[in-house]
1. I'd like to know which of A:Ala203, A:Leu63, A:Cys175 lies farthest towards the positive end of the charge dipole of segment A:39-265, counting +1 on Cβ of Lys and Arg and -1 on Cβ of Asp and Glu.
2. Unpartnered cysteines of chain A (Cβ-Cβ under 4.7 Å counts as a partner)?
3. Once the dipole of chain A is set up with Lys and Arg at +1 and Asp and Glu at -1 on Cβ about the Cα centre, which of A:Gly141, A:Ala166, A:Val242 lies farthest towards its positive end?
4. Tell me the relative contact order for chain B as a rounded percent, counting alpha carbon contacts under 8 Å between residues six or more apart.
5. In the structure displayed, which of C:Lys40/C:Lys112; A:Lys143/A:Lys255; A:Lys218/A:Lys255; B:Lys54/B:Lys79 lie more than 19 Å apart, Cα to Cα?
6. Mean-square fluctuation check for chain C, GNM, Cα pairs under 10 Å: which of C:Ser100, C:Ser137, C:Ser25 is largest?
7. Simple spin-label model, 7 Å along Cα-to-Cβ: C:Ser84 to A:Cys227 in nm?
8. Over segment C:91-200, with the other protein chains present, what is the accessible area per residue in square angstrom, probe 1.4 angstrom?
Amino acid sequence: MRASGKRTLLLAAFAFAAAPAAAQTSQFEQYQKMVGEDSPAELFVLVGADLWRKKQGPKNASLERCDLGKGPGVVKGAYAALPRYFADANQVMDAESRILYCMETLQGRSRKEALKRPFGNADKPSEMEYLDAFVASQSDGFKMTPGMSHPQEKRAYELGKALFFARTGLYDFSCASCHGEPGKRIRMSDLPVLSEPGPARAAMSTWPAYRVSNSQMKTMQWRVNNCYRQMRTPQPVWGSEVVNSMIMYLTVNAKGAVYAGPGTKR
Amino acid sequence: MAGPMKARARMQGNYADVRVLMSHPMETGQRKGRDGKPIPKHFIQNLAVKLNGKTVIEGECSQAVSRNPVFSFRIGGAKPGDKIEISWLDNKGETNKTETAVA
Amino acid sequence: MKTKLMLAAGLAALVLAPMVGAEPSYEEVQMIIHRDFKAKGQAKMDRLDQDVVQQVCTRAHDKPPADVAKAIEADQLAAIPVPSGSLMGDWKKGAKTAWSGKGMQWNEDPKKGAGGGCYNCHEISAQRTSFGTIGPSLKAFGKKRGHGADAQRYVYTKIYNAKAYNLCSNMPRFGTTGTLTEQQIKDLVAYLLDPNSPNNK
(Lines give C-alpha, C1' and ligand atoms only; values in the text may rest on other atoms or scores of the structure.)
Protein backbone atom coordinates (compact mmCIF):
# COMPACT_ATOMS: atom_id res chain seq x y z
CA MET A 1 0.00 0.00 0.00
CA ARG A 2 1.25 3.43 -0.91
CA ALA A 3 -0.17 6.63 0.45
CA SER A 4 -0.20 9.91 -1.34
CA GLY A 5 -0.30 13.19 0.50
CA LYS A 6 0.72 13.85 4.07
CA ARG A 7 -2.19 12.11 5.72
CA THR A 8 -1.51 9.31 8.13
CA LEU A 9 -3.16 6.04 7.44
CA LEU A 10 -3.29 2.49 8.56
CA LEU A 11 -4.65 -0.31 6.49
CA ALA A 12 -5.68 -3.74 7.54
CA ALA A 13 -7.18 -6.46 5.43
CA PHE A 14 -9.00 -8.92 7.59
CA ALA A 15 -8.28 -12.20 5.97
CA PHE A 16 -9.25 -15.45 7.53
CA ALA A 17 -7.08 -18.21 6.18
CA ALA A 18 -6.83 -21.89 6.97
CA ALA A 19 -4.77 -22.34 10.10
CA PRO A 20 -3.96 -25.11 12.57
CA ALA A 21 -7.16 -26.00 14.39
CA ALA A 22 -5.75 -25.12 17.81
CA ALA A 23 -5.28 -21.54 16.70
CA GLN A 24 -8.69 -21.19 15.11
CA THR A 25 -10.74 -20.03 18.06
CA SER A 26 -8.44 -17.20 19.04
CA GLN A 27 -7.79 -16.22 15.44
CA PHE A 28 -11.52 -16.04 14.86
CA GLU A 29 -12.10 -14.00 18.00
CA GLN A 30 -9.48 -11.57 16.77
CA TYR A 31 -11.19 -11.34 13.40
CA GLN A 32 -14.57 -10.82 15.04
CA LYS A 33 -13.21 -8.01 17.20
CA MET A 34 -11.65 -6.29 14.21
CA VAL A 35 -14.61 -6.41 11.88
CA GLY A 36 -17.07 -5.58 14.65
CA GLU A 37 -20.42 -4.76 13.05
CA ASP A 38 -18.80 -4.58 9.63
CA SER A 39 -19.11 -8.27 8.84
CA PRO A 40 -19.50 -9.59 5.31
CA ALA A 41 -22.96 -10.63 6.58
CA GLU A 42 -23.89 -7.02 5.73
CA LEU A 43 -23.35 -7.72 2.04
CA PHE A 44 -25.95 -10.47 2.18
CA VAL A 45 -28.36 -8.09 3.89
CA LEU A 46 -27.93 -5.59 1.05
CA VAL A 47 -28.57 -8.15 -1.68
CA GLY A 48 -31.47 -9.56 0.34
CA ALA A 49 -33.07 -6.12 0.64
CA ASP A 50 -32.96 -5.77 -3.16
CA LEU A 51 -34.43 -9.25 -3.65
CA TRP A 52 -37.20 -8.44 -1.15
CA ARG A 53 -38.26 -5.53 -3.35
CA LYS A 54 -37.72 -7.29 -6.67
CA LYS A 55 -40.84 -8.09 -8.66
CA GLN A 56 -40.78 -11.69 -9.83
CA GLY A 57 -42.82 -14.85 -10.27
CA PRO A 58 -46.02 -15.38 -12.30
CA LYS A 59 -47.71 -12.53 -10.38
CA ASN A 60 -44.74 -10.22 -10.99
CA ALA A 61 -44.87 -9.12 -7.37
CA SER A 62 -42.28 -8.30 -4.73
CA LEU A 63 -42.25 -9.68 -1.20
CA GLU A 64 -42.83 -6.24 0.31
CA ARG A 65 -46.41 -7.08 1.33
CA CYS A 66 -45.33 -10.30 3.03
CA ASP A 67 -46.93 -10.85 6.44
CA LEU A 68 -44.17 -12.21 8.64
CA GLY A 69 -46.48 -12.15 11.65
CA LYS A 70 -46.61 -8.43 12.35
CA GLY A 71 -48.98 -7.61 9.51
CA PRO A 72 -48.49 -7.23 5.75
CA GLY A 73 -45.36 -5.24 4.94
CA VAL A 74 -43.91 -5.17 8.46
CA VAL A 75 -40.39 -6.58 8.54
CA LYS A 76 -39.12 -4.65 11.58
CA GLY A 77 -38.93 -6.98 14.57
CA ALA A 78 -40.62 -9.85 12.74
CA TYR A 79 -37.71 -12.29 12.76
CA ALA A 80 -37.34 -12.02 16.55
CA ALA A 81 -40.99 -13.03 16.99
CA LEU A 82 -40.61 -16.26 14.97
CA PRO A 83 -41.31 -19.14 14.81
CA ARG A 84 -45.02 -18.74 15.44
CA TYR A 85 -48.35 -20.16 14.37
CA PHE A 86 -49.94 -18.69 11.22
CA ALA A 87 -53.67 -19.19 10.86
CA ASP A 88 -53.62 -18.66 7.08
CA ALA A 89 -51.23 -21.58 6.63
CA ASN A 90 -52.52 -23.44 9.70
CA GLN A 91 -49.04 -24.29 10.85
CA VAL A 92 -46.05 -23.16 12.84
CA MET A 93 -43.51 -21.46 10.60
CA ASP A 94 -39.98 -20.22 11.03
CA ALA A 95 -38.71 -17.20 9.09
CA GLU A 96 -37.60 -19.21 6.06
CA SER A 97 -40.86 -21.18 5.83
CA ARG A 98 -42.78 -17.92 6.00
CA ILE A 99 -40.64 -16.30 3.30
CA LEU A 100 -41.32 -19.34 1.12
CA TYR A 101 -45.04 -19.01 1.87
CA CYS A 102 -44.93 -15.41 0.64
CA MET A 103 -43.08 -16.45 -2.52
CA GLU A 104 -45.93 -18.86 -3.20
CA THR A 105 -48.84 -16.63 -2.27
CA LEU A 106 -47.64 -13.15 -3.30
CA GLN A 107 -45.44 -14.04 -6.24
CA GLY A 108 -47.42 -17.06 -7.39
CA ARG A 109 -44.35 -19.26 -7.51
CA SER A 110 -44.58 -23.00 -7.05
CA ARG A 111 -43.10 -24.49 -3.91
CA LYS A 112 -40.98 -26.73 -6.08
CA GLU A 113 -39.49 -23.89 -8.06
CA ALA A 114 -38.96 -21.62 -5.06
CA LEU A 115 -37.30 -24.46 -3.13
CA LYS A 116 -35.16 -25.75 -5.96
CA ARG A 117 -32.01 -24.60 -4.26
CA PRO A 118 -32.53 -23.66 -0.60
CA PHE A 119 -28.85 -24.05 0.33
CA GLY A 120 -26.29 -22.20 -1.74
CA ASN A 121 -22.52 -22.20 -1.73
CA ALA A 122 -19.77 -19.59 -1.64
CA ASP A 123 -19.82 -19.13 -5.41
CA LYS A 124 -23.56 -18.89 -5.61
CA PRO A 125 -25.51 -18.19 -2.43
CA SER A 126 -29.21 -19.06 -2.53
CA GLU A 127 -32.06 -16.58 -2.80
CA MET A 128 -33.32 -17.78 0.60
CA GLU A 129 -29.96 -17.09 2.25
CA TYR A 130 -30.02 -13.49 1.06
CA LEU A 131 -33.66 -12.99 2.02
CA ASP A 132 -33.29 -14.61 5.43
CA ALA A 133 -30.25 -12.41 6.16
CA PHE A 134 -32.24 -9.31 5.23
CA VAL A 135 -35.31 -10.25 7.25
CA ALA A 136 -33.15 -11.18 10.25
CA SER A 137 -31.22 -7.89 10.07
CA GLN A 138 -34.47 -6.00 10.60
CA SER A 139 -34.79 -7.56 14.08
CA ASP A 140 -31.39 -6.44 15.33
CA GLY A 141 -31.89 -5.27 18.92
CA PHE A 142 -35.37 -6.82 19.32
CA LYS A 143 -36.13 -9.24 22.15
CA MET A 144 -36.71 -12.80 21.00
CA THR A 145 -40.35 -13.70 21.57
CA PRO A 146 -41.29 -16.88 19.67
CA GLY A 147 -44.94 -17.88 19.73
CA MET A 148 -45.77 -19.83 22.91
CA SER A 149 -49.49 -19.55 23.40
CA HIS A 150 -51.30 -21.28 20.51
CA PRO A 151 -51.77 -25.05 21.01
CA GLN A 152 -49.78 -25.73 17.84
CA GLU A 153 -46.93 -23.56 19.12
CA LYS A 154 -46.88 -25.50 22.38
CA ARG A 155 -46.96 -28.71 20.44
CA ALA A 156 -44.08 -27.65 18.17
CA TYR A 157 -42.01 -26.89 21.26
CA GLU A 158 -42.81 -30.29 22.79
CA LEU A 159 -42.11 -32.15 19.55
CA GLY A 160 -38.82 -30.27 19.15
CA LYS A 161 -37.88 -31.19 22.68
CA ALA A 162 -38.68 -34.87 22.10
CA LEU A 163 -36.63 -34.79 18.87
CA PHE A 164 -33.73 -33.14 20.68
CA PHE A 165 -33.45 -36.13 22.99
CA ALA A 166 -34.42 -38.90 20.52
CA ARG A 167 -31.65 -41.31 19.53
CA THR A 168 -31.61 -41.79 15.79
CA GLY A 169 -29.52 -42.43 12.71
CA LEU A 170 -26.70 -44.85 12.03
CA TYR A 171 -24.60 -43.53 14.93
CA ASP A 172 -27.33 -43.58 17.64
CA PHE A 173 -26.95 -39.85 18.29
CA SER A 174 -29.51 -37.49 19.70
CA CYS A 175 -28.92 -33.73 19.63
CA ALA A 176 -28.10 -34.07 23.33
CA SER A 177 -25.25 -36.48 22.55
CA CYS A 178 -23.21 -33.44 21.54
CA HIS A 179 -25.22 -30.54 22.99
CA GLY A 180 -26.15 -32.06 26.34
CA GLU A 181 -23.23 -31.39 28.66
CA PRO A 182 -21.47 -28.13 29.41
CA GLY A 183 -17.83 -27.52 28.52
CA LYS A 184 -17.60 -30.07 25.71
CA ARG A 185 -15.98 -29.71 22.31
CA ILE A 186 -16.13 -31.59 19.03
CA ARG A 187 -12.58 -31.29 17.71
CA MET A 188 -11.87 -27.63 18.47
CA SER A 189 -15.45 -26.38 18.26
CA ASP A 190 -17.26 -25.56 21.49
CA LEU A 191 -20.62 -27.27 21.82
CA PRO A 192 -23.35 -25.14 23.40
CA VAL A 193 -25.88 -26.93 25.63
CA LEU A 194 -28.86 -25.87 23.57
CA SER A 195 -31.42 -27.16 26.07
CA GLU A 196 -30.23 -24.45 28.50
CA PRO A 197 -31.27 -20.77 28.21
CA GLY A 198 -27.78 -19.27 28.48
CA PRO A 199 -26.06 -21.13 25.65
CA ALA A 200 -29.28 -21.25 23.60
CA ARG A 201 -29.54 -17.45 23.73
CA ALA A 202 -25.98 -16.94 22.60
CA ALA A 203 -26.48 -19.35 19.71
CA MET A 204 -29.98 -18.47 18.54
CA SER A 205 -29.56 -14.70 18.68
CA THR A 206 -26.82 -14.91 16.04
CA TRP A 207 -28.37 -17.15 13.36
CA PRO A 208 -28.48 -16.87 10.39
CA ALA A 209 -24.75 -16.34 10.23
CA TYR A 210 -21.91 -15.65 7.85
CA ARG A 211 -19.32 -18.37 8.22
CA VAL A 212 -15.91 -16.90 7.66
CA SER A 213 -14.19 -20.27 7.19
CA ASN A 214 -16.16 -20.93 4.00
CA SER A 215 -17.50 -17.46 3.13
CA GLN A 216 -21.14 -18.55 3.24
CA MET A 217 -24.34 -17.26 4.79
CA LYS A 218 -26.00 -20.14 6.62
CA THR A 219 -29.57 -20.28 7.88
CA MET A 220 -31.33 -22.21 10.65
CA GLN A 221 -32.93 -24.61 8.16
CA TRP A 222 -29.41 -25.41 7.00
CA ARG A 223 -28.08 -25.67 10.55
CA VAL A 224 -30.60 -28.35 11.53
CA ASN A 225 -30.19 -30.13 8.19
CA ASN A 226 -26.43 -30.23 8.56
CA CYS A 227 -26.51 -31.52 12.14
CA TYR A 228 -28.63 -34.46 10.96
CA ARG A 229 -26.20 -35.09 8.10
CA GLN A 230 -23.42 -35.44 10.65
CA MET A 231 -25.69 -37.66 12.74
CA ARG A 232 -25.81 -39.96 9.69
CA THR A 233 -29.58 -39.86 9.25
CA PRO A 234 -31.40 -39.48 5.92
CA GLN A 235 -32.12 -35.85 5.03
CA PRO A 236 -34.80 -33.95 6.94
CA VAL A 237 -37.25 -32.27 4.58
CA TRP A 238 -36.82 -28.49 4.31
CA GLY A 239 -39.50 -26.66 6.29
CA SER A 240 -40.99 -29.91 7.60
CA GLU A 241 -42.61 -30.25 11.01
CA VAL A 242 -39.43 -31.92 12.28
CA VAL A 243 -37.15 -29.05 11.31
CA ASN A 244 -39.57 -26.26 12.23
CA SER A 245 -40.33 -27.83 15.61
CA MET A 246 -36.62 -28.17 16.33
CA ILE A 247 -36.16 -24.48 15.51
CA MET A 248 -39.13 -23.66 17.75
CA TYR A 249 -37.69 -25.66 20.66
CA LEU A 250 -34.28 -24.00 20.35
CA THR A 251 -35.79 -20.52 19.98
CA VAL A 252 -38.09 -20.93 22.99
CA ASN A 253 -35.03 -21.99 25.00
CA ALA A 254 -33.43 -18.73 23.88
CA LYS A 255 -36.48 -16.53 24.53
CA GLY A 256 -35.75 -13.13 26.02
CA ALA A 257 -32.38 -12.85 24.30
CA VAL A 258 -31.74 -9.66 22.40
CA TYR A 259 -31.51 -10.63 18.76
CA ALA A 260 -28.20 -9.59 17.19
CA GLY A 261 -28.08 -11.24 13.80
CA PRO A 262 -27.20 -12.02 11.18
CA GLY A 263 -24.11 -13.14 13.00
CA THR A 264 -20.57 -13.91 12.03
CA LYS A 265 -19.24 -17.33 12.91
CA ARG A 266 -16.11 -19.34 12.40
CA MET B 1 -21.77 -8.10 -12.33
CA ALA B 2 -20.12 -7.01 -9.11
CA GLY B 3 -22.01 -7.56 -5.86
CA PRO B 4 -22.64 -4.79 -3.35
CA MET B 5 -20.16 -2.72 -1.39
CA LYS B 6 -20.80 -0.99 1.88
CA ALA B 7 -18.72 1.69 3.56
CA ARG B 8 -18.93 3.48 6.86
CA ALA B 9 -16.75 6.31 8.15
CA ARG B 10 -16.72 7.66 11.68
CA MET B 11 -14.55 10.21 13.44
CA GLN B 12 -12.31 8.65 16.07
CA GLY B 13 -10.43 11.50 17.71
CA ASN B 14 -8.53 13.33 14.98
CA TYR B 15 -8.88 10.72 12.25
CA ALA B 16 -11.73 9.11 10.36
CA ASP B 17 -12.08 5.36 10.82
CA VAL B 18 -13.27 4.00 7.47
CA ARG B 19 -14.59 0.45 7.07
CA VAL B 20 -15.49 -1.00 3.74
CA LEU B 21 -17.06 -4.33 2.87
CA MET B 22 -16.87 -5.63 -0.66
CA SER B 23 -18.35 -8.62 -2.42
CA HIS B 24 -15.67 -10.42 -4.34
CA PRO B 25 -14.74 -14.08 -4.90
CA MET B 26 -11.01 -13.39 -4.41
CA GLU B 27 -10.03 -16.56 -6.27
CA THR B 28 -6.39 -17.44 -5.72
CA GLY B 29 -6.06 -19.53 -8.87
CA GLN B 30 -4.96 -22.42 -6.71
CA ARG B 31 -8.34 -23.97 -6.07
CA LYS B 32 -9.73 -26.70 -8.25
CA GLY B 33 -13.34 -26.81 -9.40
CA ARG B 34 -15.61 -29.87 -9.38
CA ASP B 35 -14.33 -30.77 -12.83
CA GLY B 36 -10.77 -30.95 -11.45
CA LYS B 37 -9.63 -27.96 -13.47
CA PRO B 38 -8.08 -25.01 -11.64
CA ILE B 39 -10.43 -22.09 -11.05
CA PRO B 40 -8.88 -19.02 -12.74
CA LYS B 41 -7.44 -16.23 -10.63
CA HIS B 42 -9.96 -13.53 -9.89
CA PHE B 43 -8.99 -11.00 -7.27
CA ILE B 44 -9.02 -7.32 -6.47
CA GLN B 45 -5.77 -5.76 -7.61
CA ASN B 46 -6.16 -2.09 -6.90
CA LEU B 47 -7.93 -0.07 -4.27
CA ALA B 48 -8.37 3.66 -4.25
CA VAL B 49 -9.78 5.94 -1.59
CA LYS B 50 -10.76 9.54 -2.33
CA LEU B 51 -11.45 12.20 0.26
CA ASN B 52 -13.64 14.97 -1.16
CA GLY B 53 -12.62 13.93 -4.67
CA LYS B 54 -8.89 13.84 -3.98
CA THR B 55 -7.08 10.51 -3.95
CA VAL B 56 -5.59 9.84 -0.53
CA ILE B 57 -4.89 6.14 -0.73
CA GLU B 58 -3.90 4.02 -3.69
CA GLY B 59 -3.00 0.48 -3.04
CA GLU B 60 -2.31 -2.90 -4.46
CA CYS B 61 -3.95 -5.96 -3.13
CA SER B 62 -3.02 -9.61 -3.57
CA GLN B 63 -4.93 -12.86 -3.78
CA ALA B 64 -3.92 -13.60 -0.17
CA VAL B 65 -7.06 -11.77 0.98
CA SER B 66 -10.19 -13.77 1.79
CA ARG B 67 -13.46 -13.74 -0.14
CA ASN B 68 -15.76 -10.79 0.63
CA PRO B 69 -12.98 -8.78 2.25
CA VAL B 70 -13.36 -6.15 4.93
CA PHE B 71 -10.87 -3.27 4.77
CA SER B 72 -10.19 -0.62 7.35
CA PHE B 73 -8.46 2.73 6.84
CA ARG B 74 -7.69 5.64 9.10
CA ILE B 75 -7.58 8.97 7.41
CA GLY B 76 -5.96 11.77 9.38
CA GLY B 77 -7.27 15.30 9.01
CA ALA B 78 -10.75 14.29 7.87
CA LYS B 79 -13.79 16.17 9.21
CA PRO B 80 -17.41 15.17 9.76
CA GLY B 81 -19.34 15.53 6.50
CA ASP B 82 -16.33 14.85 4.30
CA LYS B 83 -17.12 12.68 1.30
CA ILE B 84 -15.22 9.41 0.99
CA GLU B 85 -15.24 7.32 -2.17
CA ILE B 86 -13.75 3.85 -2.30
CA SER B 87 -13.23 1.92 -5.51
CA TRP B 88 -11.58 -1.30 -6.57
CA LEU B 89 -10.32 -2.78 -9.81
CA ASP B 90 -9.75 -6.52 -10.21
CA ASN B 91 -7.48 -8.55 -12.48
CA LYS B 92 -10.32 -9.08 -14.98
CA GLY B 93 -10.86 -5.36 -15.32
CA GLU B 94 -14.11 -5.36 -13.35
CA THR B 95 -14.62 -2.44 -11.05
CA ASN B 96 -16.98 -1.14 -8.39
CA LYS B 97 -17.22 1.82 -6.06
CA THR B 98 -19.16 3.18 -3.13
CA GLU B 99 -19.46 6.47 -1.29
CA THR B 100 -20.05 7.52 2.26
CA ALA B 101 -19.85 10.65 4.38
CA VAL B 102 -17.80 10.89 7.56
CA ALA B 103 -20.11 10.79 10.57
CA MET C 1 -29.72 -56.38 14.42
CA LYS C 2 -32.29 -53.68 14.06
CA THR C 3 -35.70 -54.26 15.55
CA LYS C 4 -38.41 -52.65 13.47
CA LEU C 5 -40.84 -50.43 15.24
CA MET C 6 -44.53 -50.98 15.36
CA LEU C 7 -45.23 -48.04 13.12
CA ALA C 8 -48.80 -49.05 12.48
CA ALA C 9 -49.57 -48.56 16.16
CA GLY C 10 -48.16 -45.03 16.00
CA LEU C 11 -50.29 -44.17 13.01
CA ALA C 12 -53.44 -45.46 14.65
CA ALA C 13 -52.76 -43.41 17.76
CA LEU C 14 -52.42 -40.26 15.71
CA VAL C 15 -55.63 -40.86 13.79
CA LEU C 16 -57.61 -41.60 16.94
CA ALA C 17 -56.28 -38.78 19.06
CA PRO C 18 -55.04 -35.86 17.00
CA MET C 19 -53.68 -32.91 18.96
CA VAL C 20 -54.92 -33.96 22.37
CA GLY C 21 -51.98 -32.99 24.51
CA ALA C 22 -49.04 -30.80 23.64
CA GLU C 23 -46.61 -33.60 24.35
CA PRO C 24 -46.45 -36.09 21.48
CA SER C 25 -46.20 -39.75 22.38
CA TYR C 26 -43.10 -41.79 21.63
CA GLU C 27 -44.92 -43.52 18.76
CA GLU C 28 -46.07 -40.22 17.31
CA VAL C 29 -42.55 -38.81 17.37
CA GLN C 30 -41.22 -41.85 15.55
CA MET C 31 -44.01 -41.62 12.99
CA ILE C 32 -43.26 -37.94 12.35
CA ILE C 33 -39.54 -38.69 11.97
CA HIS C 34 -40.27 -41.35 9.36
CA ARG C 35 -42.59 -38.94 7.54
CA ASP C 36 -40.28 -35.90 7.57
CA PHE C 37 -36.99 -37.43 6.44
CA LYS C 38 -36.15 -38.61 2.95
CA ALA C 39 -33.51 -41.12 1.86
CA LYS C 40 -30.51 -39.45 0.27
CA GLY C 41 -27.38 -41.04 -1.14
CA GLN C 42 -26.19 -43.84 1.08
CA ALA C 43 -28.38 -42.63 3.97
CA LYS C 44 -31.44 -44.84 3.57
CA MET C 45 -34.64 -44.69 5.58
CA ASP C 46 -33.81 -47.81 7.62
CA ARG C 47 -31.37 -45.64 9.55
CA LEU C 48 -34.40 -44.15 11.27
CA ASP C 49 -35.70 -47.48 12.53
CA GLN C 50 -34.84 -47.56 16.21
CA ASP C 51 -33.40 -50.83 17.44
CA VAL C 52 -33.75 -51.90 21.06
CA VAL C 53 -30.78 -49.76 22.21
CA GLN C 54 -32.04 -46.53 20.65
CA GLN C 55 -35.56 -47.27 21.80
CA VAL C 56 -34.68 -47.91 25.43
CA CYS C 57 -32.30 -44.94 25.64
CA THR C 58 -34.81 -42.59 24.01
CA ARG C 59 -37.67 -43.65 26.26
CA ALA C 60 -35.49 -43.46 29.39
CA HIS C 61 -33.72 -40.18 28.47
CA ASP C 62 -30.44 -42.11 28.50
CA LYS C 63 -30.97 -43.33 32.06
CA PRO C 64 -32.49 -46.82 31.80
CA PRO C 65 -32.98 -49.02 34.88
CA ALA C 66 -29.73 -50.86 35.69
CA ASP C 67 -31.15 -54.37 35.20
CA VAL C 68 -32.61 -53.49 31.80
CA ALA C 69 -29.32 -51.91 30.72
CA LYS C 70 -27.31 -54.92 31.92
CA ALA C 71 -29.43 -57.42 30.03
CA ILE C 72 -29.28 -55.52 26.73
CA GLU C 73 -25.56 -54.83 27.14
CA ALA C 74 -24.99 -58.59 27.50
CA ASP C 75 -26.95 -59.24 24.29
CA GLN C 76 -24.96 -56.59 22.46
CA LEU C 77 -21.66 -58.09 23.65
CA ALA C 78 -22.69 -61.62 22.71
CA ALA C 79 -23.53 -60.51 19.18
CA ILE C 80 -20.04 -59.19 18.43
CA PRO C 81 -18.10 -61.53 16.11
CA VAL C 82 -14.63 -61.43 17.65
CA PRO C 83 -11.97 -62.76 15.24
CA SER C 84 -9.66 -65.44 16.57
CA GLY C 85 -5.97 -64.75 17.09
CA SER C 86 -4.25 -61.44 17.61
CA LEU C 87 -6.43 -58.34 17.32
CA MET C 88 -3.48 -56.01 16.88
CA GLY C 89 -3.36 -54.50 13.41
CA ASP C 90 -1.14 -51.77 11.99
CA TRP C 91 -0.99 -48.70 14.24
CA LYS C 92 0.04 -46.49 11.31
CA LYS C 93 -3.17 -47.29 9.46
CA GLY C 94 -5.04 -46.98 12.74
CA ALA C 95 -3.69 -43.44 13.13
CA LYS C 96 -5.32 -42.46 9.84
CA THR C 97 -8.62 -44.13 10.69
CA ALA C 98 -8.66 -42.40 14.09
CA TRP C 99 -8.08 -39.02 12.48
CA SER C 100 -10.56 -39.26 9.62
CA GLY C 101 -14.10 -38.20 10.45
CA LYS C 102 -15.37 -39.02 6.98
CA GLY C 103 -17.87 -41.60 5.92
CA MET C 104 -21.51 -42.73 5.98
CA GLN C 105 -22.99 -39.26 5.31
CA TRP C 106 -25.55 -38.72 2.56
CA ASN C 107 -23.17 -36.51 0.57
CA GLU C 108 -20.29 -38.98 0.63
CA ASP C 109 -19.32 -41.76 -1.75
CA PRO C 110 -19.83 -45.08 0.07
CA LYS C 111 -17.04 -46.63 -2.01
CA LYS C 112 -14.51 -44.35 -0.33
CA GLY C 113 -15.00 -46.02 3.06
CA ALA C 114 -15.13 -44.38 6.45
CA GLY C 115 -12.92 -43.24 9.27
CA GLY C 116 -13.64 -43.58 12.96
CA GLY C 117 -13.62 -39.85 13.70
CA CYS C 118 -12.05 -40.76 17.06
CA TYR C 119 -10.47 -37.32 17.49
CA ASN C 120 -13.89 -35.68 17.23
CA CYS C 121 -14.44 -36.80 20.81
CA HIS C 122 -11.20 -38.19 22.26
CA GLU C 123 -7.71 -36.97 22.96
CA ILE C 124 -5.35 -39.74 21.83
CA SER C 125 -1.80 -39.03 20.64
CA ALA C 126 -0.01 -36.17 22.38
CA GLN C 127 1.09 -35.02 18.92
CA ARG C 128 -2.47 -34.27 17.89
CA THR C 129 -3.58 -31.04 19.50
CA SER C 130 -6.98 -30.83 17.81
CA PHE C 131 -9.35 -33.16 19.62
CA GLY C 132 -12.81 -33.16 21.12
CA THR C 133 -13.75 -33.75 24.73
CA ILE C 134 -17.08 -35.58 24.54
CA GLY C 135 -15.35 -38.86 25.36
CA PRO C 136 -12.55 -39.53 27.85
CA SER C 137 -8.88 -38.96 27.01
CA LEU C 138 -7.24 -42.08 25.59
CA LYS C 139 -3.73 -40.67 25.83
CA ALA C 140 -1.15 -43.39 26.58
CA PHE C 141 -4.01 -45.89 26.79
CA GLY C 142 -1.71 -48.87 26.10
CA LYS C 143 0.73 -47.77 28.78
CA LYS C 144 -2.05 -47.93 31.34
CA ARG C 145 -3.84 -51.04 30.11
CA GLY C 146 -1.04 -53.08 28.57
CA HIS C 147 -1.38 -54.80 25.22
CA GLY C 148 -2.25 -58.36 26.15
CA ALA C 149 -5.13 -60.44 24.81
CA ASP C 150 -7.66 -59.10 27.32
CA ALA C 151 -6.84 -55.47 26.56
CA GLN C 152 -7.03 -56.17 22.82
CA ARG C 153 -10.36 -57.90 23.17
CA TYR C 154 -11.77 -55.08 25.29
CA VAL C 155 -10.73 -52.35 22.86
CA TYR C 156 -11.87 -54.33 19.81
CA THR C 157 -15.32 -55.01 21.23
CA LYS C 158 -15.68 -51.49 22.67
CA ILE C 159 -15.06 -49.95 19.23
CA TYR C 160 -17.20 -52.59 17.53
CA ASN C 161 -20.12 -51.88 19.85
CA ALA C 162 -19.71 -49.39 22.69
CA LYS C 163 -23.26 -50.16 23.80
CA ALA C 164 -22.07 -53.58 24.98
CA TYR C 165 -20.41 -51.79 27.91
CA ASN C 166 -22.56 -48.73 28.45
CA LEU C 167 -26.02 -48.96 26.94
CA CYS C 168 -26.61 -45.26 26.40
CA SER C 169 -23.02 -44.31 25.63
CA ASN C 170 -22.64 -41.41 23.21
CA MET C 171 -20.24 -43.50 21.13
CA PRO C 172 -21.44 -45.00 17.84
CA ARG C 173 -21.30 -48.75 17.20
CA PHE C 174 -18.61 -48.76 14.53
CA GLY C 175 -18.64 -52.50 13.85
CA THR C 176 -22.34 -53.20 14.26
CA THR C 177 -23.25 -50.40 11.86
CA GLY C 178 -20.74 -51.51 9.23
CA THR C 179 -18.91 -48.19 9.47
CA LEU C 180 -15.49 -49.75 10.08
CA THR C 181 -14.19 -53.09 8.81
CA GLU C 182 -12.69 -55.79 11.01
CA GLN C 183 -9.23 -54.76 9.80
CA GLN C 184 -9.82 -51.07 10.52
CA ILE C 185 -10.88 -51.87 14.07
CA LYS C 186 -7.78 -54.07 14.54
CA ASP C 187 -5.66 -51.14 13.31
CA LEU C 188 -7.32 -48.90 15.88
CA VAL C 189 -6.62 -51.48 18.60
CA ALA C 190 -2.94 -51.23 17.61
CA TYR C 191 -3.07 -47.43 17.54
CA LEU C 192 -4.31 -47.43 21.12
CA LEU C 193 -2.31 -50.36 22.54
CA ASP C 194 0.83 -51.07 20.49
CA PRO C 195 3.94 -50.00 22.44
CA ASN C 196 5.32 -48.61 19.15
CA SER C 197 2.29 -46.41 18.55
CA PRO C 198 2.99 -42.69 19.08
CA ASN C 199 0.10 -42.79 21.50
CA ASN C 200 2.22 -44.81 23.93
CA LYS C 201 5.52 -43.02 23.45
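The values are calculated or read from the model by the stated rules, or taken from the named source; none is laboratory data. Everything quoted here is computed from the prediction, not taken from an experiment. Reconstructed Cβ throughout: ideal geometry from the backbone, glycine too, with neighbour counts over all protein chains shown. Side chains are part of the model used for accessible areas, which takes the heavy atoms of the whole protein and leaves out ligands, DNA and RNA. Shrake-Rupley method; radii C 1.70, N 1.55, O 1.52, S 1.80 Å.
1. Looking along the dipole axis, the top candidate is A:Cys175.
2. A:Cys175, A:Cys178, A:Cys227, each lacking another Cys Cβ under 4.7 Å.
3. In chain A, that residue is A:Gly141.
4. 34 percent
5. Beyond 19 Å: A:Lys218/A:Lys255.
6. Comparing C:Ser100, C:Ser137, C:Ser25 in the GNM, the peak value goes to C:Ser25.
7. With each label point 7 Å from Cα toward Cβ, the separation is 4.8 nm.
8. 44 Å²
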